[in-house]
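Working notes for the structure below.
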Amino acid sequence: FKGGDTCEYLLSSGRFLGEKVWQPHSCMMHKYKNSEAKNCLIDKHVVFIGDSRIRQLFYSFIKLINPQVKEEGNKHGNIPFEDKSASIKVDFLWYPEVNGSMRQRIKSWTEGSVAKPHIIVAGAATWSIKIHNGSKEALTQYKINITSIAPLLEKLAKSSDVYWVLQDPVYEDMLSESRKMITNEKIDAYNEAAVRILNSSSRNSKAKVKVFSVSKLIAQETIMKSADGLHLPESSRDTNAMILMNVYCNKIMKPIDGSCCQPQPPLTLIQKLAFCFFTLSIIGYIIINLIHRNNFRKNKSCTDLESGEEKKPAISTPNVSTLEMLLHSFCKLGLIMTYFYLCDRANLFMKENKFYTHSSFFIPIVYILVLGVFYTENTKETKVLNREQTDEWKGWMQLVILIYHISGASTFLPVYMHIRVLVAAYLFQTGYGHFSYFWIKGDFGVYRVCQVLFRLNFLVVVLCIVMDRPYQFYYFVPLVTVWFMIIYATLAIWPQIVQKKANGNCLWHFGLLLKLICLLTCIYFLSYSQGAFEKIFSFWPLSKCFELNGNVYEWWFRWKLDRYVVFHGMLFAFIYLALQKHQMISEGKGDPLFSNRVSNVLLFISIVSFLTYSIWASSCKNKTECNELHPSVSVVQILAFILIRNIPGYVRSVYSSFFAWFGKISLELFICQYHIWLAADTKGILVLIPGYPMFNVLVSTFIFVCVAHEISQITNDLAQIVVPKDNSTLLKRLLCIAGFFSGLLFFAAMQDQSRH
């Protein structure tokens with residue numbers, strides 16, 4: 001850890017990911033859109049002063065504001081640019097040499113007679129080398145001139161952002177005869193002089209001239225693609241302009257995926273209260289633990305004075321009290337949340353941008369599949385979608401999704417479409433699992449509902465508090481929660497139709513189908529009526545849960561993307577349980593699900609359907625169009641997979657314990673990845689060990705999986721305490737939880753008021 005000033009890293013170091021993506025050392029660079037650039041530079045005056053290379057940087061910079069700008073005008077003269085809509089002025093001033101003329105222009109800004117620019121970008125040297133044929137006298141004069149300019153630039157740096165661009169290397173083999181005297185050796189000498197002289201009189205001052213040396217590193221990789229050996233190719237100078245935009249604008253715009261030059265966000269009131277709570281929990285647990293240890297030592301052993309023999313008293317191990325278990329859980333959770341905060345809110349650990357390559361996605365996929373197949377065991381039961389099988393399904397899907405996120409594979413549309421099916425499959429299991437439970441058990445009690453809601457939402461609520469993020473930010477949990485409540489409401493409202501009742505009268509089956517049809521109609525209506533959907537979720541306090549960036553559009557989009565798949569899961573559960581009840585399927589160990597002929601036909605159709613969907617998804621050209629079809633067709637591949645996995649008796653009788661282990665903590669893995677595996681709210685990658693990408697992934701993954709497993713255990717422990725089976729005690733706990741959330745809303749309102 002070298003300190004928190006990532007601006008220095010952004011301006012001085014980095015590497016290329018692939019051919020065109022620049023990765024600054026230790027931080028993430030945001031790709032600014034035109035609208036963002038305008039918002040940042042509104043009412044600003046920017047000046048580029050120097051030679052033809054600075055002119056190139058000037059054009060790349062103004063194209064970030066207005067991409068329609070053409071590079072025309074007097075090459076050896078001043079070039080003005082103005083965006084009247086945002087009151088932005090950007091000027092290029094032609095001063096190819098560091099001499100008295102440049103000094104006079106810079107001095108005019110320090111005297112107050114002329115308005116100071118907000119940003120000054122300066123640099124020159126190659127003309128001095130060229131005009132004076134690379135003589136030593138020219139270098140000496142350059143040092144004298146830059147020494148006279150340095151105090152003026154340092155003075156300007158107190159009120160403006162001043163950047164000195166070091167000279168890029170040249171590709172000597174491509175230089176024309178008139179430029180042959182410009183060598184990399186001479187350029188290095190001029191750069192060394194500039195670095196030594198600038199800021200020499202203000203070494204301890206915070207206001208300094210920022211040396212823009214990263215351009216040299218970029219040029220070393222790309223100068224061979226130059227048209228003349230002197231000027232950078234367009235992609236390289238665009239990268240330099242984007243770096244310049246990040247240096248100035250990140251602290252103003254605060255983009256999530258632009259961690260360079262961003263200060264650490266201040267702690268909110270709610271975060272401070274959470275910190276106090278966890279601190280008190282840790283202190284309380286330590287005190288109780290010390291008291292227990294002290295009592296244990298007193299009674300550990302006693303010596304029989306008469307016989308001289310040591311006797312161990314018959315002390316039974318006391319049961320752990322509810323308070324101790326509660327404090328123990330919050331103690332562990334407090335330490336884990338500290339790690340979360342340090343990883344993704346404090347500027348302690350490094351963050352890097354994602355960069356997708358086919359190998360970075362497919363090689364880990366093959367590796368985990370081999371591991372999964374290696375850990376194959378027999379299932380305890382051979383029913384369709386038994387517990388081991390669903391855990392296995394969740395596990396391998398979660399691992400694939402994790403690899404998809406860390407590799408940045410969302411940029412590759414065929415992979416994106418297949419991942420969408422995996423997310424839909426999770427929701428399919430939600431519909432299947434909860435429908436099966438309510439249909440078979442007929443348990444619509446408050447205890448069951450509270451248990452499910454607590455296990456789904458506990459971690460997310462804690463992260464919303466500690467990480468200062470809205471509930472909707474962790475979109476999958478709100479999605480699963482709302483669908484659970486929809487399933488519950490559909491089956492719980494009058495008339496309550498369950499399997500026991502339906503067995504007595506077959507007409508009840510039609511009643512249930514009627515309920516499902518009503519549910520499908522409501523889903524269809526809401527999916528095509530954005531206004532009605534937004535009205536429902538815009539009521540307070542629902543709006544506090546489902547708004548993101550001031551509106552519920554993101555929530556509507558997420559809900560709409562997989563709107564039918566939960567219904568499909570419920571319908572599949574109903575049909576499967578009906579077939580099972582009437583003994584129309586065979587679920588014995590090693591037996592095919594149906595007769596051999598029917599099984600073979602269904603298996604063939606399933607394989608063809610599975611492959612057909614994959615071919616369609618791989619041929620997608622437009623994400624918007626494919627997303628429109630996805631809700632209706634994703635069920636094809638899901639059902640095909642279920643049949644392929646369950647029709648053959650042997651395949652149904654085995655499962656991968658490796659995948660099943662991850663499946664049991666799949667929800668925790670999905671949520672924890674946001675902050676302690678990925679970084680900047682999933683936009684980048686957490687770097688614990690810089691310079692060793694593979695080793696870094698291994699270490700961060702190990703910690704990440706251990707933390708997810710620990711949080712799963714903490715959630716289970718707390719669920720038993722917070723949601724007891726006794727109805728009167730449960731009611732009291734619910735009132736306490738309601739009070740807690742009321743307080744949370746009150747403090748959130750105070751925070752919003754203070755921010756505004």
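The values are calculated or read from the model by the stated rules, or taken from the named source; none is laboratory data. None of these values were measured; they are calculated from a predicted model. Counting neighbours? That spans all protein chains shown, and the Cβs are built from the backbone with ideal geometry, glycine included. Surface areas here come from the heavy atoms of the whole protein model, side chains and all, with no ligands, DNA or RNA. Shrake-Rupley method; radii C 1.70, N 1.55, O 1.52, S 1.80 Å.
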Using θ = phi - 60° and the Karplus form 6.51 cos²θ - 1.76 cosθ + 1.60, what ³J(HN,Hα) does each residue of segment 574-590 get, whole Hz, x for Gly and Pro?
-> 4, 5, 4, 5, 5, 4, 5, 5, 8, 6, 9, 10, 10, 10, x, 5, x
1.4 Å probe accessible area per residue over the chain, in Å² | 50
Can you bin segment 322-379 into rounded, prolate or oblate? Criterion: square roots of the alpha carbon gyration tensor eigenvalues sorted a ≥ b ≥ c, rounded for a/c under 1.5, prolate for a/b above b/c, oblate for the rest.
-> oblate
Modelled FRET efficiency - R0 30 Å, Lys251 with Gln141, Cβ distances, 0.05 increments = 0.20
The local net charge around Lys732, scoring Lys/Arg +1 and Asp/Glu -1 for residues other than Lys732 whose Cβ lies under 14 Å from its Cβ, equals +1
Which whole-Hz couplings ³J(HN,Hα) result when phi for each residue of segment 488-502 is put into the Karplus expression 6.51 cos²θ - 1.76 cosθ + 1.60, θ = phi - 60°, listed in order with x for Gly and Pro?
-> 4, 5, 4, 8, 7, 5, 4, x, 6, 10, 10, 4, 4, 5, 5
Using modelled backbone amide H atoms (1.01 Å from N, in-plane), which distant-in-sequence or interchain residues come within less than 5 Å of Phe16's amide H?
-> Gln23
The local net charge around Arg179, scoring Lys/Arg +1 and Asp/Glu -1 for residues other than Arg179 whose Cβ lies under 15 Å from its Cβ, equals -3
Against the longest alpha carbon principal axis of the chain, how many degrees, from 0 to 90 and to the nearest 10, is the axis of helix 358-374 turned?
-> 30
With axes computed from alpha carbons, what is the tilt in degrees of helix 136-156 against the longest principal axis of the chain, rounded to the nearest 10 within 0 to 90?
-> 60
Work out, step by step, the length gained on full extension between Ile42 and Lys544: first 0.36 nm times the residue separation, then minus their alpha carbon distance; give nm to one decimal.
-> 177.6 nm
With percent of Cα pairs over 37 Å apart defined as stated, name the option among (i) 49; (ii) 44; (iii) 54 computed from the structure displayed.
-> (iii)
In degrees between 0 and 90, to the nearest 10, how far off the longest principal axis of the chain does helix 596-618 point, with axes built from Cα atoms?
-> 20
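Let me spell out the model: positive unit charges on the Cβ of Lys and Arg, negative unit charges on the Cβ of Asp and Glu, origin at the Cα centre of segment 6-253. What dipole size does that give, in debye rounded to 20?
700
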Residue-ordered couplings for segment 235-245, obtained by feeding phi - 60° into the Karplus form 6.51 cos²θ - 1.76 cosθ + 1.60 and rounding to whole Hz (Gly and Pro as x), are 4, 6, 6, 5, 5, 4, 5, 5, 4, 4, 5
Placed amide H near Leu678: partners under 5 Å, 5+ positions off or other chain = Leu686
Select from Ser543, Ile575, Leu267 the residue farthest towards the positive end of the dipole of the chain; place +1 on Cβ of Lys and Arg, -1 on Cβ of Asp and Glu, and compute about the Cα centre.
-> Ser543
Dipole moment magnitude, nearest 20 debye, the chain about Cα centre, only Lys, Arg, Asp, Glu C-beta charged | 940
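Find out how many positive minus negative residues lie around Leu603, taking Lys and Arg as positive, Asp and Glu as negative, among other residues whose Cβ is under 13 Å from that of Leu603. Walk me through the numbers on the way to the answer.
Details: positive: Arg597, Arg645, Arg652; negative: none.
Spelling it out: positives minus negatives among the neighbours equals +3.
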Compute the Cα gyration tensor for segment 27-123, then decide on rounded, prolate or oblate, letting a ≥ b ≥ c be the square roots of its eigenvalues: rounded whenever a/c is under 1.5, prolate when a/b is larger than b/c in the other cases, and oblate in all that remain.
-> prolate
Under a point-charge model restricted to the Cβ atoms of Lys and Arg (+1) and Asp and Glu (-1), what is the dipole moment magnitude of segment 676-756 relative to its Cα centre, in debye to the nearest 20?
-> 140
Loop only per DSSP, at most 15 neighbouring Cβ atoms within 10 Å: give me the GluC sites (Glu not before Pro) in segment 17-104, ordered by residue number.
-> Glu19, Glu71, Glu72
Signed unit charges on C-beta, dipole axis of the chain, positive-most listed residue Met102, Tyr32, Phe747 = Phe747
Which percent of the accessible heavy-atom area of segment 599-705 goes to carbon and sulfur, probe 1.4 angstrom?
-> 74
